[in-house]
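See below for the structure under consideration.
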Amino acid sequence: MVIGGSFPKCNTVVVIAEEVLVIDPGCAIEDLRSLLMTQDLGLKDVDTVILTHIHPDHITHTMRLHRLSRCRIAANEITEDLFNDKEKMKQFLGFDKGNLVRKSWEQLVNEKMYGAFDEGRVDEVLGNGDKFSLGDITLRTLYTPGHLPDHMCIEILEPNLVFASDIDLTEFGPYYGHPNSSITDFKNSIQELQKGGYEGLISGHLKEPLVEDYHDRLTAYSRQFDLREDLVLSAILEGARSISDITATPIIYPSLINPVYLQFETWMIEHHVSSLVANGLVTEDKGKLSPL
Ligand SMILES: [Zn+2]
């Protein structure tokens, strides 16, 4: 593995077997080059890149690697469509042309994840449960939506690990800051991983990515949904009547210095408000929130 660590970088899995396969090339490209050099390989020797989802911090160097090595690019069918059309990708993430912080977000991606908007094409579509055989090592896809609808994990059947990508067990907690993220789907996907019986879970963002006691950690991670929802309900009970009233005191992010982070916070709070309304704890009348 190449440790990228926290956003805007991610951890990259490298499998060197019958071919050289890279999952989520969002680490520093120099670090990936150094790792390959320890095996007398270079960036030009990469045969395949697998993408777990369309987030810019996970796809950053895909086209850079493709230009150097002509590697094939594999992803699920939702990611394929978005990777092949970067305007669609922007819309999928909520940054359509009418979005007020689209320019700031594009600037953030270009500064910190340069290459993520490069045009390119996926060569191979991976269905849920598809296996990828590399001699002694077999990979298998596991669709795990929620974080985004296209999010998937990659099971490494020998030695029975799972690369859980952005079900990442970080202290920050689960991230669902886009209009099409889903708390319900995210919780169900965490349940799927709980059933997996793996020897360990590999996080897409922890600095020490291999977590062996992942069952307890997933339970604690999942609890953050409810903790945050309680804070949103408290804010409404204390008089907040709109999403912007609630985000005036940030719940998810410690501080909101960048307007892009305020947008992420807003989308996450909106998911909680919808859930509180659905559960009959809050009413919404013409955008005005009230406790029941
Ligand atoms: Zn992500």
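The values are calculated or read from the model by the stated rules, or taken from the named source; none is laboratory data. Keep in mind that what you see is a predicted model, and the values were worked out from it rather than measured. Every residue, glycine among them, receives a Cβ derived from its backbone with ideal geometry; neighbour counts consider all protein chains shown. All accessible areas refer to the heavy atoms of the entire protein, side chains included, with ligands and DNA or RNA removed. Shrake-Rupley method; radii C 1.70, N 1.55, O 1.52, S 1.80 Å.
Annotations
- Within the stretch 2-56, being assigned to a loop (DSSP other than H, G, I, E, B), hydroxyl-bearing (Ser, Thr, Tyr) and surrounded by fewer than 20 Cβ atoms within 10 Å (Cβ to Cβ) holds for 6, 38.
- Among the candidates 50, 73, 54, 29, residue that is under 17 Å from the mean Cα position of the chain (by Cα) and farther than 22 Å from residue 265 by Cβ: 50
- A single member of 196, 173, 135 is closer than 25 Å to residue 60 by Cα and open to solvent by less than 40 Å² (accessible area, probe 1.4 Å), and it is 173.
- Scanning the stretch 71-89 for residues that are in contact with a Phe, Trp or Tyr (Cβ under 9 Å, 6 or more places away or on another chain) and open to solvent by less than 30 Å² (accessible area, probe 1.4 Å) gives 73, 74, 75, 76, 82, 86, 89.
- Of all residues making up the stretch 152-174, the number that are within 11 Å of the ligand (Cβ to nearest atom), touching a residue at least 60 places away in the same chain (Cβ under 8 Å) and within 16 Å of residue 225 (Cα to Cα): 1
- Residue in the stretch 123-140 that is within 16 Å of the ligand (Cβ to nearest atom), touching a residue at least 60 places away in the same chain (Cβ under 8 Å) and either small (Gly, Ala, Ser) or within 21 Å of residue 65 (Cα to Cα) (or both) present: no
- Residues considered: 38, 62, 52. Of these, the only one that is of a type in the set (S, T, N, Q) and under 18 Å from residue 132 (Cα atoms) is 52.
- Count - residues of the stretch 119-132 that are acidic (Asp, Glu) and buried (at least 16 other Cβ atoms within 10 Å of the Cβ): 0
- Where a residue in the stretch 34-46 is free of Cβ contacts under 8 Å to residues at least 24 places away in the same chain and its partner, wherever it lies, is surrounded by 15 or more Cβ atoms within 10 Å (Cβ to Cβ) and outside any helix (DSSP H, G or I), with Cβ under 6 Å and at least six apart: 39/16
- Filter pass, residue 210 being touching a residue at least 12 places away in the same chain (Cβ under 8 Å) and open to solvent by less than 60 Å² (accessible area, probe 1.4 Å): no
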